[in-house]
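These notes are about the structure you will find just below.
Nothing in this text is a laboratory measurement; each read-out follows from the coordinates by a stated rule. Computed from a predicted structure; not experimentally measured. Cβ sites come from the backbone with ideal geometry, for glycine too, and all protein chains shown count toward neighbours.
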């Protein structure tokens with residue numbers, strides 16, 4: 001189930017029967033802090049398998065810094081893509097603007 005960003009939905013009973021919670025984190029401190037709060041709340045309501053996917057990464061160093069700050073396993077990294085922003089402006093699919101993105105999403109799906 002894809003849920004909105006943030007932590008509000010964790011208290012609404014929408015998380016029953018979830019076997020893994022995947023939090024998408026961006027390379028900034030605020031996003032890391034949000035993922036950490038999500039992890040604590042998820043643990044409190046019984047979701048024990050919590051992981052993160054790092055999105056919009058511009059460098060290996062960014063990835064390393066974020067990974068060091070996370071208390072949950074980082075299972076996948078998606079690099080920054082100009083094509084995603086272009087697709088948003090055009091109102092088209094990001095996959096049409098960035099073919100590699102589709103390959104990455106299929107790879108991530110296999111990991112899950």
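Helix 99-111 against the longest principal axis of the chain: what's the angle in degrees, Cα atoms only, rounded to the nearest 10? Helix 99-111 and the main axis of the chain meet at about 30 degrees. Here the residues 38, 18, 65, ranked from fewest to most Cβ neighbours within 10 Å of their Cβ, fall in the order 65, 18, 38.
Taking 60, 41, 21 as the candidate residues, the one with maximal mean-square fluctuation in a Gaussian network model of the chain, Cα springs under 10 Å, is 60. The long axis of helix 60-69 is offset from the longest Cα principal axis of the chain by roughly 10 degrees. For the pair residue 48 and residue 33 in one chain, pulling the backbone fully straight at 0.36 nm per residue adds 3.6 nm over the alpha carbon distance.
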